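J.: Dropping a structure here in structure tokens format, bear with me for questions.
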Amino acid sequence: MATSALYKTYARADLSFESGEGAWLNGSDGLRYLDFGSGVAVTSLGHAHPHLVETLTGMAGKVWHSSNLFRISEQERFAERLCAATFADRVFVTNSGTEATEAAIKTARRYHFANGAPNRYRIVAFEGAFHGRTMAALAAGGTAKYLEGFGPALEGFDHVPFGDFEVVKAAIGPDTAAVMIEPVQGEGGIRPFANEFLRNLRQLCDDTGTLLVLDEVQTGIGRTGRLFAHEWAGITPDVMAIAKGVGGGFPLGACLATAEVGDAMGPGTHGSTYGGNALACAVGNAVLDVVLAPGFLDRVAEQGIILKQKLAAVVDAHPRIFESVRGEGLMQGLKCRVPSPDVVLAAREAGLITIGAGDNVVRLLPPLVVTAADIEEAIDRLDRAATALEARELTKAGGTA
Ligand code: PLP
């Protein structure tokens, strides 16, 4: 690959995309790819969705940005609609997921400060979690390799193993402000917490005056077949970070909170130059127009069931390559027996974009508008990729393909 002026932070594939439509992308190599990565769960309505294109281009001729020194009608409407559709009464709008989790962490700490308990700043978080790349989000994630070389990690995070309720209970003390959790760990390898675990966590938080902070940056906006993944467990959080799918590809995120908690963030406690500008919020409203339309999420849930069933058949057909399938809705993970980057590469060679994750998992995150025919085609391509990998494995083992 040619040398680049960019930071070397990413291991990029030598491929770019010229255009796209729905679940399809046209590669710089002249090939058509089925996009079951959605730019890491971002392009929720696929590529070049007519309503998003029309909204963005229409808004571009009006006002892009005026700053939060003034009222922004698109931002107010966006926040009101998010509140009407969720537990929340207050919204802070951001440009990204990590800014949303950062705002959530600050909100949780500030709430206890405002209530006369400044000692309650500690946050219990889960091993395998990913909350973003700013310093507080990194400290919350706790992954050593992401923290290395950046000086002392922000103090005040207590990490507990995945899904062990008794350990969580023991970790909550007089200085705990919140428990922070992704209902399904995304980067960690599509690891869903059981509904019962989430319900017990809600109860534990209520009993101890601890806030429940959900990170639905990856699981939110319909990804699991409900508007937010926590709805499957029948619980609501006190604070929630969202991003990715809510902008459909335009940088947009938000921190949502109940009135009691959100109002602890008074004038001057937080801010952002770009967060919630008119252009971004117009697109966010356009995404909500589609996702909140009657029947849309039911269709996502149906496609999710079809995808999971077909993936299970691929797992059965290729036991040397795959171990199992897990996930909810259009957020599915294939636990691999061969290195997951090999599977991602073989899938791409077969014209299917997938995304790696922790725990040797390959993620399938198609756009929410994926069709049954797209799923059929993706499964064919995945099957071809697995067959090619099996042939390579046999060659490596000294057999014949
Ligand atoms: N939280 C979760 C659950 C995520 O999956 C991500 C990104 O992958 C983030 C936070 C950070 O979002 P961003 O990359 O937009 O800052």
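The values are calculated or read from the model by the stated rules, or taken from the named source; none is laboratory data. Treat the numbers as computed from the prediction; the structure is a model and nothing was measured. As a convention, Cβ positions derive from the backbone with ideal geometry for all residues, glycine included, and neighbour counts pool all protein chains shown. Only protein heavy atoms, including side chains, enter the accessible area calculation; ligands, DNA and RNA are left aside. Shrake-Rupley method; radii C 1.70, N 1.55, O 1.52, S 1.80 Å.
J.: Does any residue of segment 95-105 turn out to be within 16 Å of the ligand (Cβ to nearest atom), in a loop (DSSP other than H, G, I, E, B) and open to solvent by 20 Å² or more (accessible area, probe 1.4 Å)?
T.: yes
J.: Is there a residue in segment 52-71 that is closer than 30 Å to Lys308 by Cα and more than 16 Å from the ligand (Cβ to nearest atom)? Walk me through it before giving the result.
T.: In the first step, residues of segment 52-71 are kept if they are closer than 30 Å to Lys308 by Cα; the result is 52.
Imposing the further condition that a residue be more than 16 Å from the ligand (Cβ to nearest atom) reduces the set to 52.
Yes - at least one qualifying residue is present in segment 52-71.
J.: Check every one of the strands (runs of 3 or more DSSP E) wholly within segment 277-387 and list those with 2 or more residues that are over 21 Å from Lys244 (Cβ atoms).
T.: On the way: elements: 322-328, 331-336, 355-357, 361-364.
Those strands (runs of 3 or more DSSP E) span 322-328, 331-336.
J.: OK, next. Filter the helices (runs of 4 or more DSSP H) completely within segment 122-179 down to those with at least 2 residues that are within 16 Å of the ligand (Cβ to nearest atom).
T.: Values: elements: 135-141, 144-147, 165-171.
Because the criterion is at least 2 residues that are within 16 Å of the ligand (Cβ to nearest atom), the helices (runs of 4 or more DSSP H) in segment 122-179 that meet it are 135-141, 144-147.
J.: Among the residues in segment 187-203, are any farther than 22 Å from Ala257 by Cβ, of a type in the set (Lys, Arg) and touching a residue at least 60 places away in the same chain (Cβ under 8 Å)?
T.: Taking every residue of segment 187-203 in turn, at least one turns out to be farther than 22 Å from Ala257 by Cβ, of a type in the set (Lys, Arg) and touching a residue at least 60 places away in the same chain (Cβ under 8 Å).
J.: Considering only residues that are small (Gly, Ala, Ser), more than 22 Å from Leu198 (Cα to Cα) and surrounded by 15 or more Cβ atoms within 10 Å (Cβ to Cβ), which ones fall in segment 115-138?
T.: Ala136, the sole residue that qualifies.
J.: More than 15 Å from the ligand (Cβ to nearest atom) and either hydroxyl-bearing (Ser, Thr, Tyr) or open to solvent by less than 10 Å² (accessible area, probe 1.4 Å) (or both): is that true of Leu212 in this structure?
T.: yes
J.: When the residues of segment 199-243 are filtered to those that are farther than 30 Å from Glu323 by Cβ and of a type in the set (Asp, Glu), which remaining residue is farthest from the chain's Cα centre (by Cα)?
T.: It comes out as Asp207.
J.: Could you identify the single residue in Leu292, Leu297, Leu334 that is of a type in the set (A, V, I, L, M), within 26 Å of Gln185 (Cα to Cα) and in contact with a Gly (Cβ under 7 Å, 6 or more places away or on another chain)? Explain how you work it out, then say what you get.
T.: Details: Leu292 fails: in contact with a Gly (Cβ under 7 Å, 6 or more places away or on another chain); Leu334 fails: in contact with a Gly (Cβ under 7 Å, 6 or more places away or on another chain).
That would be Leu297, the only listed residue that is of a type in the set (A, V, I, L, M), within 26 Å of Gln185 (Cα to Cα) and in contact with a Gly (Cβ under 7 Å, 6 or more places away or on another chain).
J.: Working only within segment 296-332, note down all residues that are closer than 19 Å to Ser38 by Cβ and in contact with a Ser or Thr (Cβ under 9 Å, 6 or more places away or on another chain).
T.: Val300, Ala301, Gln303, Gly304, Gly327, Glu328, Gly329, Leu330, Met331 - these are the residues of segment 296-332 that are closer than 19 Å to Ser38 by Cβ and in contact with a Ser or Thr (Cβ under 9 Å, 6 or more places away or on another chain).
J.: Exactly one condition in (1) farther than 27 Å from Ala280 by Cβ; (2) within 16 Å of the ligand (Cβ to nearest atom); (3) open to solvent by 50 Å² or more (accessible area, probe 1.4 Å) is not met by Phe92; state its number.
T.: Only one criterion is unmet by Phe92, namely (1).
J.: Being assigned to a loop (DSSP other than H, G, I, E, B), acidic (Asp, Glu), more than 30 Å from Thr258 (Cα to Cα) and away from the ligand (no atom under 16 Å from the Cβ), is that true of even one residue in segment 16-29?
T.: Within segment 16-29, one or more residues are assigned to a loop (DSSP other than H, G, I, E, B), acidic (Asp, Glu), more than 30 Å from Thr258 (Cα to Cα) and away from the ligand (no atom under 16 Å from the Cβ).
J.: Also: Can you tell me which residue among His49, His112, His65 is within 20 Å of Thr236 (Cα to Cα) and either open to solvent by 40 Å² or more (accessible area, probe 1.4 Å) or touching a residue at least 24 places away in the same chain (Cβ under 8 Å) (or both)?
T.: So the residue among His49, His112, His65 that is within 20 Å of Thr236 (Cα to Cα) and either open to solvent by 40 Å² or more (accessible area, probe 1.4 Å) or touching a residue at least 24 places away in the same chain (Cβ under 8 Å) (or both) is His112.
J.: Among the listed residues Glu187, Glu196, which satisfies the condition of being of a type in the set (Asp, Glu), within 13 Å of the ligand (Cβ to nearest atom), open to solvent by 30 Å² or more (accessible area, probe 1.4 Å) and within 21 Å of Gly327 (Cβ to Cβ)?
T.: Glu187
J.: I would also like to ask the following. Give me the residue from segment 219-240 that is among the small types (Gly, Ala, Ser) and part of a loop (DSSP other than H, G, I, E, B) and, out of that set, most open to solvent (accessible area, probe 1.4 Å).
T.: Here the residue is Gly234.
J.: Does Ala229 fit the bill of being under 15 Å from Val93 (Cα atoms), within 14 Å of the ligand (Cβ to nearest atom) and not β-branched (Val, Ile, Thr)?
T.: The answer is no for Ala229.
J.: I'd like the full set of residues that are open to solvent by less than 50 Å² (accessible area, probe 1.4 Å) and either under 21 Å from Ala41 (Cβ atoms) or not in a helix (DSSP H, G or I) (or both), limited to segment 388-401.
T.: Gly399, the sole residue that qualifies.
J.: Here is a further query. Tell me which residues, restricted to segment 15-45, are in contact with a strand residue (DSSP E or B) (Cβ under 7 Å, 6 or more places away or on another chain), touching a residue at least 12 places away in the same chain (Cβ under 8 Å), polar (S, T, N, Q) and surrounded by fewer than 18 Cβ atoms within 10 Å (Cβ to Cβ).
T.: Matches in segment 15-45: Ser19, Ser28.
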